[in-house]
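Some notes on the structure that comes next.
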Amino acid sequence: MVREVELASLDLRYEGFRLKAPALEERSLASLVQRGIEEPLEGVEVSHTSVLLNGFKRYRCARKLRLPTVPYSSLGPDEAAAILNLLKSSNHRALSILEQAAFIGELRHTRRMNVAEIAVELSRSKSWVSMRLGLLAEMSDKVRQVLFRGAFPVYSYMYLIRQFMRMNGVKADEIEAFVVAVSGQGLSVREVEQLAHGF
């Protein structure tokens, strides 16, 4: 059921679980100006507060346009159920593997669900769940922050930087130093690759 909620009332505690993409957000802003918000923002009610889970780009665009209210719908009766519903439809909502990992980490560590329970709820294998949990475990807090704010190409991290860790035995603090040093420079995947090999 879709309803209108006040933009200022939304709880953004999960904003850090979603990747930022400034260029895509600019295009979304232009579309929103022309057509308005066509898909409701999605979340869950927690102690009479609407906690946002999906639609952060639309939220930020609405804030820039100073919209007082936005369409909103609930994904479930509680946080765990809502997160599971978001993950179940992650293809439709285009969650990246890192975003999936962040929400699975929330289910595992905060909601106290084990790997088998998560796998059953999502109709996935235990290895699918474990791989995503492992992805977060090998990542330092600084690297995670850089990736999720869109300052370093996720593709480069997933398919280049992680391979250095596995094949060449590069230490986690060296990976962190490299990612932090080149983040925010607007480098292409190819440029990051050249710098990584040099590093």
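Quick note: the coordinates plus some simple rules give every number you see, no bench work behind them. In this text, all values refer to a predicted model and were calculated from it rather than measured experimentally. Neighbour counts run over all protein chains shown; Cβ positions are idealised from the backbone, glycine included.
Worth a mention:
- Beta bridge orientation in the range 1-74: antiparallel %, DSSP, nearest 5: 70
- GluC sites (Glu not before Pro) within the range 24-97, DSSP loop, no more than 15 other Cβ atoms inside 10 Å: GLU38
- Average Cα contact separation per residue, the chain, under 8 Å, 6 or more apart, as relative contact order %: 19
- Shape class for the range 1-74: oblate, because the ratio a/c of the largest to smallest gyration tensor axis (alpha-carbon atoms, square roots of eigenvalues) is 1.5 or more and b/c is at least a/b.
- Label separation (ARG27 vs THR49): 3.4 nm, computed from points 7 Å beyond Cα along the C-beta direction.
- When Cα Rg over 2.2 N^0.38 Å is calculated for this entry, the matching label among (1) 0.92; (2) 1.20; (3) 1.11 is (3).
- Euclidean distance between Cα centres, the range 35-71 to the range 153-175, Å: 35
- For the range 1-70, the set of trypsin sites (Lys or Arg not before Pro) satisfying both a DSSP loop assignment and a count of at most 15 other C-beta atoms within 10 Å is given as ARG13, ARG66.
- Out-of-range pairs (alpha-carbon distance over 23 Å; input LYS57/LYS88; LYS64/LYS142; LYS142/LYS171; LYS57/LYS171; LYS20/LYS64): LYS64/LYS142; LYS57/LYS171
- Rounded to the nearest 20, the size of the Cβ-charge dipole of the range 1-74 about its Cα centre is 320 debye, with Lys and Arg at +1 and Asp and Glu at -1.
- For the chain, with +1 on Lys and Arg beta carbons and -1 on Asp and Glu, the positive-most of SER188, ALA80, VAL120 along the dipole: SER188
- Overall, the range 85-199 carries a charge dipole of about 380 debye about its Cα centre when +1 sits on the Cβ of Lys and Arg and -1 on the Cβ of Asp and Glu, all other atoms neutral.
- Options SER47, VAL5, ALA21, ranked by Cα towards positive dipole end of the range 1-74, top entry (Cβ charges): ALA21
- Its relative contact order, with pairs defined as Cα atoms under 8 Å and 6+ residues apart, puts the range 1-74 at 51 percent.
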